[in-house]
Structures are given as C-alpha cells and as structure tokens.
C-alpha cells in the first residue's frame, strides 16, 4: 500500500502501536535537542535516572535563550550545562554559537531520523525530511535514556504547493496563509506534509520557516521531502554524505488535504496578539511603528538577512524606528560580514544584537509601551516581548524592512526597486568545530551547580477525594507564556521551582501566587479552547503543581502542555459540552471522588460542584499508559516505582 512520507517516517521508527490515527504509539528516538531555558531541567531529570551516558545516536544542548548575564544566574547555569554535557555524552553549543534549530539543522540534521526536543519549535527540522517533535523536558530526558516516545498517532494532512512565489512574497507568507486558513488549533493531532511542484524553488531554509511555525498551528510535526533542496543544503554545510532521498510513495493519500497556489499569495501579517490573526499587509498599512526586528528561529536563513541588507543599501531607516538585527548563528554572522551585507545594515542604522533568541523570548529588545513592533519571530502572544501591553505583529523580513525605512507598516511591493537578487553560497564553513563534542572515553566529571539550582520538588499522588476551589478560570487560547512567562526577570529562575512559581499565571491574575499560598491546599484551574498552546516549557506545569493545582478542566488542550500536566501528576479533564464551561465559576468549590479510579477508557468522570450541589459529567482522552502515570502521581514517581534501583 502506498504511504505518504509522514507514515513512512513513523513506521520506520515504530516501537509499538499502529498507523491508525488516534491509536497510541511509541517511537524510537534517534536524536534529542535541548536549549538552556528548558535544558537545565532536562539535565537534572537525566541525572536523576542514574545513567552514566545518553543512549541516543546523538543528543545536543544549546545555549541560545538565556544569554543576558545581568547577574550570576544565567552564567552559573551555562557552566552547569557544559559540565552535564561532558558527564553524559552530549554535544554542547556555547553562548554565541546561535539559535538551536538552525544550528542543529546545519550540524546534525539527517533525513529520515527522528528528533525530540524540549523546545516546541524542534519541529523546524521537518524541513529536511526528519520527523521532528517538541515535547516536555522530562520526556526528552527519558528519550536520552533510550525510552521510546509515546504519543497518539496523528492524522496526516497533505498540503500541495503549486506555482511559484511572486516577488516580495516569501516563505513567511506561506505559513501565515496556513494560519489564516486553520488558526492556532487547526493542526492539533496532525502531521502536516508539504509536497508538490511549488517546492521546486523553496530552499531548505525556506522550508525551515514553514516547518518551524507548524507549532503555531498546533501540529505534532511538519514534514517536507528530502530532495534536491535538502541535498544542496547538506552540500553547503559540508555534509553531503548525510543526504538520503526521501519522498512519499506514488499514489499516497492523506487523511486531510489542501492546496496553495503560491503565485496567488501576497504579503501577509499577523496582528496582535495571536499568530492566527492574519490579514494582508495592505489592510493595516500606514500605522506608525516603533520597532522592526529581523531574526529568530522562524526566519533564520541567510537570505532573511541578505535581502533586507540589499533593500536598505544606501538608505536610512526612519529615525523613530529601532531596526533590530538578530543573527541566528556565528556562521551566518561571519558570512554577512564577509559579503558586506552586515555593513549595509549598520550603515542604514540597524542595531546589531548578539547571536541567539534574544527578544523573541522576551530576553531584551522589549518595545516601547503601546507602540507597534514588527517581528519575524514565530509568536506574538500577549506580553511575550517583555512589554505587558505590547503590539507585536508577525511578518516577513521584506515587510519588516520596508516598514523600517518608511516608519509605518508598508507592503513590500511598494518598494521602489527590483526585488534583490540572491543565490545561496555553494559552501559555508562547517559549524561543528564550534561545538564541544562528547568525550569518546568517558571520564569522571563533577556537575557544576550554582546556588540558583534547586532540586525538583517531590510531588505526591492524587488524593482519594480531591476537593478545592477553582483558583483561576481562563478564556480560549491561553498560552504557556501566560501560564508561566519567559523574560529576563523570570527565565533565569528556571532551575529554582519555588522562586519561578511566584510568576505562575501572573499575566492573567497578579494575585494568583498569593491566593495559592494563602489556600495552601489543592485547587482546580478551568480553561477554554486550546489551553496551554505555545512553548513546550514544562515549568508551566511544574509551577502550578507546586502551588497546589491538581486538576485542569478545559474545552481542549494543546498536545505538549497536556502531556506535561500528566508528567507532573495534574489531571487533565475535558468538558463534554461547551455549555458546561459556563457552569464553573472562579472560586466555586469542587469535589472529585476517587479521581484516578474514575479514569476508565470511554467513561465519564463525575465532578461535584459543592456550592450548587450539581454534578457535572466530564470526559477524558487519556490512554491506559497515561492513566497509569497519573495513578503514580506523575512520571518521576512512576519511574521510581518501576525502577527502584534508580536514585531519583
């Protein structure tokens, strides 16, 4: 039977289960990726397993998020990560090497391999024919230990690309078109596979832009064939021997299907404050801007910097605009320096920032209050930029650049020049010598733990009867940035759960922490649709659990956050009907009798509303394995129980 590429990738790594959508499966993981905002927890979790060395083909740890060294915290944690990599056999990318996703693609991406990462944008590697999935840190630590990765078999959505992009329209506009059609929850429990003649003129890094922001659709993964474009990319990175041609079988079918005629696309932009609030640039043109920002994992390619450089050559950006340039790797920075394109940007008035994620994760570069910031980043959730009342728009490098020149949102087709000519270099310097390789012969290494690193708290299992108030009720599409924000004040506390918990839900309710500490007991959180979208950060589950949240009830949940809740013993339940959401009000007292015992496949869970005496029938979508994890009170407790020889 003919199979699509996603099915072939999954089948070749299937440890258990079948290709039937909705069925539980387990996958063998070849590679893992961690970045420093999540990696310290991954390394602490791996340490607790008591294994001397990782069991994957390759594991890599990048330092790209927490680069600001305003005190000792980030610097100490960089030393800890370096020591953990040396101890456990992990590649280490030091500060300044670049953003994890494009660097991993350049150094280690191999068509046909599986990649599991503790960053939600790990899916970017699907651009080169990998099955790349974001997950919580604990699952990544277990994959490093050789444990298969469990998930639900997704549907495969085929998207056929026809035609060729017109001038001034680029890859960012393709993924924005997908978000305009399907919204931030349209890809949930799906792998999106792109194919068709429209791929012919899209480079591997163009595809990276699309695959990266597949996470903004809620997709499990995005997949592209490994073809001439991937071969050219690997040759450019001096890794031609790693190329393997991969594509769907002739006659392959898809669970869902769509087509995009690239020739009919026009410049698009996502308005504040969601990646799916997409309109044409023409619809919002003329609004004055404060900032125009180029870079991030969503637009990390060489062309994403060279095209803007050639657009501004001999010109000056508007004097009211901060034109921020964020190189995504040392390799890229060196290349635009050699080519003269960096000079063109600087001469036009650009501000050059260090190589890394920076403002994308709220680590500096926060915009002025109430002023518009155009960014080529993947997300514009409320306050993510570091400014509480921000106005962040997502757009292509072309739109960001002409808008910086004009001082207002401008369609790049209004640029008074021909579209700049750019051809990818045939060869770039190999980046791998910039990374610290694992020691072939392991030696005794002591982990370097600064004073900000605290052990993970012990969490007990669910009680026989769970009672408590609804401490918070939220609306739809609440992101992990709102559950546990990032930013320069908060991310440095990622290794200290008691301290970082002070910021839980602070974007939604500044008094949440105080109310939770005053309660000092169990409580519930109620959410709307797509609860927990966005980042994979497991702190958005650990911090609420530390503060007593034992159950989250929502209309629907994002894949990674739902699994993180389970990993740390928080029960995820779903409303059976939309009207039931209205019956639960903040501060209402709830009672859940025998919470784990009620978790039978296909059967409802009965919840008592103590204040009204009513009983609400809820549902769950937990697999037997997930129920087992909740029975133990979380994945760490389960590991302790089943492997008592491991020192946790």
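The values are calculated or read from the model by the stated rules, or taken from the named source; none is laboratory data. Since this is a predicted model, take the numbers as computed values, not measurements. For neighbour counting, all protein chains shown are included, and Cβ atoms are generated from backbone atoms with ideal geometry for every residue, glycine included.
Being assigned to a loop (DSSP other than H, G, I, E, B) and over 27 Å from the mean Cα position of the chain (by Cα) is the filter; apply it to the range 459-481 and report the residue that is surrounded by the most Cβ atoms within 10 Å (Cβ to Cβ).
462
Only one of 318, 324 is closer than 29 Å to residue 217 by Cα and either in contact (Cβ under 8 Å) with a residue 24 or more places away in the chain or surrounded by fewer than 22 Cβ atoms within 10 Å (Cβ to Cβ) (or both). Can you tell me which? Before you say what the answer is, go through the steps one by one.
Numbers: 318 fails: closer than 29 Å to residue 217 by Cα.
After ruling out the rest, the residue left standing is 324.
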Legend entry - Output for the range 1-13, where each listed residue is in a loop (DSSP other than H, G, I, E, B) and touching a strand residue (DSSP E or B) at 6+ places or on another chain (Cβ under 8 Å): 4, 13
Legend entry - Condition met for residue 232 (surrounded by 14 or more Cβ atoms within 10 Å (Cβ to Cβ), in contact (Cβ under 8 Å) with a residue 24 or more places away in the chain and in a loop (DSSP other than H, G, I, E, B)): no
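For the range 208-262, name all the residues that are at positive phi and over 25 Å from the mean Cα position of the chain (by Cα).
Across the range 208-262, the qualifying residues are 238, 251.
Out of curiosity, is residue 71 assigned by TED's automatic domain parsing to the domain that holds residue 151 and surrounded by fewer than 21 Cβ atoms within 10 Å (Cβ to Cβ)? Steps first, answer last, please.
Working: assigned by TED's automatic domain parsing to the domain that holds residue 151: yes; surrounded by fewer than 21 Cβ atoms within 10 Å (Cβ to Cβ): yes.
So residue 71 fits the description; yes.
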Inset, instruction - Please indicate, with yes or no, whether at least one residue in the range 251-264 is in contact with a strand residue (DSSP E or B) (Cβ under 8 Å, 6 or more places away or on another chain) and crowded, with 24+ Cβ neighbours inside 10 Å. - result: no
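A quick yes/no check of all residues on (1) closer than 22 Å to residue 119 by Cβ; (2) part of a helix (DSSP H, G or I); (3) touching a strand residue (DSSP E or B) at 6+ places or on another chain (Cβ under 7 Å):
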{"site": "293", "(1), (2), (3)": "yes, no, yes"}
{"site": "309", "(1), (2), (3)": "no, yes, no"}
{"site": "314", "(1), (2), (3)": "no, no, no"}
{"site": "317", "(1), (2), (3)": "no, no, yes"}
{"site": "336", "(1), (2), (3)": "no, yes, no"}
{"site": "343", "(1), (2), (3)": "no, yes, no"}
{"site": "355", "(1), (2), (3)": "yes, no, yes"}
{"site": "360", "(1), (2), (3)": "yes, yes, no"}
{"site": "369", "(1), (2), (3)": "no, no, no"}
Inset, instruction - Only one of these is crowded, with 24+ Cβ neighbours inside 10 Å, more than 28 Å from residue 47 (Cα to Cα) and in contact with a strand residue (DSSP E or B) (Cβ under 6 Å, 6 or more places away or on another chain): 158, 112, 129. Name it. - result: 129
Legend entry - Matching option when the condition is in contact with a helix residue (DSSP H, G or I) (Cβ under 6 Å, 6 or more places away or on another chain), free of Cβ contacts under 8 Å to residues at least 60 places away in the same chain and within 26 Å of residue 641 (Cβ to Cβ), among 497, 490: 497
Legend entry - Tally, over the range 430-458, of residues that are in a loop (DSSP other than H, G, I, E, B) and exposed (fewer than 15 other Cβ atoms within 10 Å of the Cβ): 14
Inset, instruction - Identify, from the list 149, 80, the residue that is out of contact with any strand residue (DSSP E or B) (no Cβ under 7 Å at 6 or more places or on another chain), surrounded by fewer than 24 Cβ atoms within 10 Å (Cβ to Cβ), closer than 23 Å to residue 43 by Cβ and touching a residue at least 40 places away in the same chain (Cβ under 8 Å). - result: 80
Inset, instruction - Just name the residue that is nearest to residue 500 (Cα to Cα) out of those in the range 44-63 that are modelled with pLDDT of 95 or more and crowded, with 19+ Cβ neighbours inside 10 Å. - result: 63
Inset, instruction - Filter the range 268-291 for residues that are part of a loop (DSSP other than H, G, I, E, B) and either over 16 Å from residue 398 (Cβ atoms) or outside the structural domain of residue 316 (by TED's automatic domain parsing) (or both) and give the result. - result: 271, 272, 273, 274, 275, 276, 277, 286, 287, 290
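Kindly provide the set of residues from the range 618-630 that are in contact with a helix residue (DSSP H, G or I) (Cβ under 8 Å, 6 or more places away or on another chain) and either part of a strand (DSSP E or B) or farther than 24 Å from residue 529 by Cβ (or both), ordered by number. Quick ask: steps written out before the conclusion?
Quick first cut of the range 618-630, residues in contact with a helix residue (DSSP H, G or I) (Cβ under 8 Å, 6 or more places away or on another chain) only: 618, 622, 626, 628-630.
Passing the criteria: 618, 628, 629.
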Legend entry - Among (1) over 26 Å from the mean Cα position of the chain (by Cα); (2) at pLDDT 95 or above - the single one residue 436 does not satisfy: (1)
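State the number of residues belonging to the range 373-412 that are assigned to a strand (DSSP E or B) and buried (at least 22 other Cβ atoms within 10 Å of the Cβ). Spell out how you get there, then give the answer.
Here is the first cut: in the range 373-412, the ones assigned to a strand (DSSP E or B) are 373-375, 391-394, 408.
With the extra rule that they be buried (at least 22 other Cβ atoms within 10 Å of the Cβ), the set shrinks to 373-375, 391-394.
Selection size over the range 373-412: 7.
Which one of 258, 241, 324, 249 is in a strand (DSSP E or B) and not assigned by TED's automatic domain parsing to the domain that holds residue 393? Step through it out loud before you land on a result.
Numbers: 241 fails: in a strand (DSSP E or B); 324 fails: not assigned by TED's automatic domain parsing to the domain that holds residue 393; 249 fails: in a strand (DSSP E or B).
Unique residue meeting the criteria: 258.
Residue by residue, here is whether (1) without any contact (Cβ under 8 Å) to a residue 24 or more places away in the chain; (2) under 17 Å from residue 534 (Cα atoms); (3) not in a helix (DSSP H, G or I); (4) not assigned by TED's automatic domain parsing to the domain that holds residue 379 holds:
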| site | (1), (2), (3), (4) |
| --- | --- |
| 160 | no, no, yes, yes |
| 186 | no, yes, yes, yes |
| 212 | no, yes, no, yes |
| 216 | no, yes, no, yes |
